[in-house]
Every structure is written in C-alpha cells, then in structure tokens.
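Trainee: This is the structure, below, for whatever I ask next.
The values are calculated or read from the model by the stated rules, or taken from the named source; none is laboratory data. On a predicted model such as this, the values are computed, not experimentally measured, just so you know. Counting neighbours? That spans all protein chains shown, and the Cβs are built from the backbone with ideal geometry, glycine included.
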Amino acid sequence: MKVGIIGGGGWGKALATLIASAGHQPRIGFRGSRPSGFPGTPNLEALASESDLLFLAVPSEAVVDAVEACSLDAASRLIIASRGLEPRHGVWISDYVSDHTPCRQIGAIAGPALASEVMAGHPTALVAASPFEAVQEATVSALHSARCRVYTTDDLCGVQLAGAMVGALAIAVGVADGVDFGIGAKGVIITRGIAEASRLGDAIGADARTFSGLAGVGDLVSCASSPLHPGFAAGRSLAEGGAVSSHIILQLRALLALSRRVGVDLPLTTAVLAIATGESRPKRVFDELMRRAARPE
C-alpha cells in the first residue's frame, strides 16, 4: 500500500517509521526543508493522488493551506493525525475537510504515541476512528505491527475531541509539575480532566467510552509521565514564568468557544487559558479551583 504523509516534522517522520514497520511504502509531503530518512516530495497534490491512504500530520493552524494544496477528491482517503480544532473556523478538522473538499472517506488517529518514543523503537498503540469501515481497515493495515497496536472505533468526533482535550490538559499537568503540587494533583487533573472531556463529548454526541480508552486516559497518562510531551513541556514553561505559542492559545479558545456553544463548563481548560494568557498565576488559579463547591462525582 502506498501511504502518503503530509507534514515532515517529528510526528510525520514517526508515522512514516510506523508505516514502514508495517511493511508499506511511506512518502512524506513537505514544505521547506526535505525531511531525512524517507522518500519525500514538495508536490502535495501529486502525493495525494498517488496515495492509497493519506495522513495529515501538520500543526492545526497549517491545515487549511495543506488541504488546499492537496486538492483532495472523492476517492481520497484521509486520516487526520493533527491534534485539535481547525482554529481559523473553530471546527473539527474532519468537518473542515468535508465542507471544503469532495473527500468524505475521513478518519482520525489518537493515543499515547510520542514521536520521540516511536523513533526510538518503543512499543505503542493508537486508536483509529472513522464512520467508514474500509477507512478503519486501511488505517490498521498502514500502522499495525509488532511495534504498534491499532484499535478501531466509529467515534470520529470523540477521538478528535479527546486529542484536543488531552492537548489542553497536558498543559495543566505540566503546570502542576512545574510548581511542585505533587503526584496527587496530577491524579486530580487527569481524572477531572477526563470528566470534563466526557461532559463535552456527551453534549456533542461522542461515545463516553472513547475518553476512558487510548485517545483519552491513555494519552493523558503518557503525557503526565513524560517531559517530552509538547503539552507537558508547555505547562512547565508557564510554571517557570515562560510563554507559550499563539497556536496553543488559539486551540484553548477554540475549545472553550465550542463548550460555550453547547453549554458545558470546562473549569480546568478555562484555568489553563488564564495561565497561558498571563491573566492569572498558576498557584492562584489552582487555589480557585480547589475552592469550588463540592459536588457528586
């Protein structure tokens, strides 16, 4: 199977590694410098048309330009490997693709696969989501090997939401670590954060089981255990008085805008945004969270 990957960064190369381990031919579509180690092309349109399966592995703020350059058609099979919402329009990347291209055979992957660990040869697992069984099967074929187990679901919305929420909650875990709140605080963030994701998922029609699986708990536990996780590192930076990228702030705002549209409160995500924008300091924010009224779990 010919598998294309749009995005030559660390995650794109990690996916190429997994695809090669599964016995297929990965080719990376890139802008700028050619990625080393794998065949690549700057011609994204040609790559899309020649691939049996295409992975989109660019930062979410680059999705619009990448999708336009690919010229996807009705025969395209696209797997979203980017995390979060499309920030310009505040919609899921799958919805952006289906609204702006003829492509309908869309899926997404998520889970506790860190690019650095994949490149180091460590075992991992992912969940592949699509309403199309053929897309699920193609994704399993592309990625499943002795190095990577792949599970399937039809909950495309839930897997994308889990990826977005874990990105935000990983920052909260990193902040807690940076201000030395202890292991217990991380446990609180993980459990209450997954509860936030589940409430929002329920409001938008996602399957609650998604958040207790690889895309939710699995991914969040991995980020809480590794300073190499980008969200964790961003949280540590904030705790130490540093700043985060505008991309992170856009993602947090997009999540909160979605939650407001469906009437769901996301206190942890709101707290992370307050810290990221400098509106409040970490210890003050966590103190306010701890003072919230008690409620049934």
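Trainee: So G111 ticks every box in (1) under 16 Å from the mean Cα position of the chain (by Cα); (2) more than 30 Å from L268 (Cα to Cα) but one. Which box is left unticked?
Mentor: It is condition (2) that G111 fails.
Trainee: Please give the number of the condition I106 fails out of (1) in contact (Cβ under 8 Å) with a residue 40 or more places away in the chain; (2) part of a helix (DSSP H, G or I); (3) in the same structural domain as S94 (by TED's automatic domain parsing).
Mentor: The failed condition is (2).
Trainee: Kindly indicate whether G23 is small (G, A, S) and farther than 21 Å from H144 by Cβ.
Mentor: So G23 does not fit the description; no.
Trainee: Note down all Cβ pairs under 8 Å where the first residue falls in the stretch 39-68 and is free of Cβ contacts under 8 Å to residues at least 40 places away in the same chain, the second is among the acidic types (D, E), and they're at least six residues apart or on different chains.
Mentor: Pairs found: S49/D73; V63/E86; V64/E86.
Trainee: Continuing with the same structure: Name the residue, out of L238, L255, that is surrounded by 17 or more Cβ atoms within 10 Å (Cβ to Cβ), over 17 Å from the mean Cα position of the chain (by Cα) and of a type in the set (A, V, I, L, M, F, W, C).
Mentor: After ruling out the rest, the residue left standing is L238.
Trainee: Then there's this: Determine which member of the set A115, A146, A134, A120 is surrounded by fewer than 22 Cβ atoms within 10 Å (Cβ to Cβ), closer than 21 Å to L15 by Cβ and free of Cβ contacts under 8 Å to residues at least 12 places away in the same chain.
Mentor: A120
Trainee: Taking the stretch 162-186 only, how many residues are without any contact (Cβ under 8 Å) to a residue 60 or more places away in the chain and either of a type in the set (A, V, I, L, M) or at positive phi (or both)?
Mentor: 4
Trainee: Oh, and also: If you take the residues of the stretch 45-61 that are farther than 29 Å from L252 by Cβ and in contact with a Lys or Arg (Cβ under 8 Å, 6 or more places away or on another chain), which of them is surrounded by the fewest Cβ atoms within 10 Å (Cβ to Cβ)?
Mentor: E50
Trainee: Which of (1) outside any helix (DSSP H, G or I); (2) farther than 30 Å from L252 by Cα does I28 not meet, given it meets every other one?
Mentor: Condition not satisfied by I28: (2).
Trainee: Please find, within the stretch 36-61, the residue that is farthest from the chain's Cα centre (by Cα) out of those that are assigned to a helix (DSSP H, G or I) and of a type in the set (S, T, N, Q).
Mentor: Applying the filter and picking the extreme gives S49.
Trainee: For a quick check of your reading of the model, give me the residue pairs whose first member lies in the stretch 264-290 and is in a helix (DSSP H, G or I), whose second is of a type in the set (F, W, Y) and surrounded by 13 or more Cβ atoms within 10 Å (Cβ to Cβ), with beta-carbon atoms closer than 7 Å and at least 6 apart or on different chains.
Mentor: Close Cβ pairs (under 7 Å, with a partner that is of a type in the set (F, W, Y) and surrounded by 13 or more Cβ atoms within 10 Å (Cβ to Cβ)) amount to F286/F181.
Trainee: Any residue in the stretch 208-221 that is closer than 20 Å to G158 by Cβ, touching an Asp or Glu at 6+ places or on another chain (Cβ under 7 Å) and either of a type outside the set (A, V, I, L, M, F, W, C) or crowded, with 19+ Cβ neighbours inside 10 Å (or both)?
Mentor: Scanning the stretch 208-221 turns up at least one residue that is closer than 20 Å to G158 by Cβ, touching an Asp or Glu at 6+ places or on another chain (Cβ under 7 Å) and either of a type outside the set (A, V, I, L, M, F, W, C) or crowded, with 19+ Cβ neighbours inside 10 Å (or both).
Trainee: Looking only at the stretch 14-25, which residues are out of contact with any Leu (no Cβ under 7 Å at 6 or more places or on another chain) and surrounded by 24 or more Cβ atoms within 10 Å (Cβ to Cβ)?
Mentor: Across the stretch 14-25, the qualifying residues are L15, A16.
Trainee: Would you please name the residue that is farthest from the chain's Cα centre (by Cα), looking only at residues in the stretch 1-13 that are of a type outside the set (K, R), in a helix (DSSP H, G or I) and buried (at least 20 other Cβ atoms within 10 Å of the Cβ)?
Mentor: The extreme case among them is G12.
Trainee: Let me ask something additional. On the given criteria, is R281 basic (K, R) and either in the same structural domain as A168 (by TED's automatic domain parsing) or modelled with pLDDT of 90 or more (or both)?
Mentor: Yes, satisfied.
Trainee: Please specify each residue of the stretch 64-99 satisfying the condition of being at pLDDT 95 or above, under 16 Å from A257 (Cβ atoms) and more than 15 Å from the chain's Cα centre (by Cα).
Mentor: D95, Y96
Trainee: Identify, by number, the condition in (1) in contact with a Phe, Trp or Tyr (Cβ under 9 Å, 6 or more places away or on another chain); (2) modelled with pLDDT of 90 or more that G263 doesn't meet.
Mentor: Among (1) in contact with a Phe, Trp or Tyr (Cβ under 9 Å, 6 or more places away or on another chain); (2) modelled with pLDDT of 90 or more, G263 violates only (1).
Trainee: Moving on to the next point. Can you tell me which residue among S259, S237, S198 is hydroxyl-bearing (S, T, Y), closer than 22 Å to E117 by Cβ and part of a helix (DSSP H, G or I)?
Mentor: On inspection, the qualifying residue turns out to be S237.
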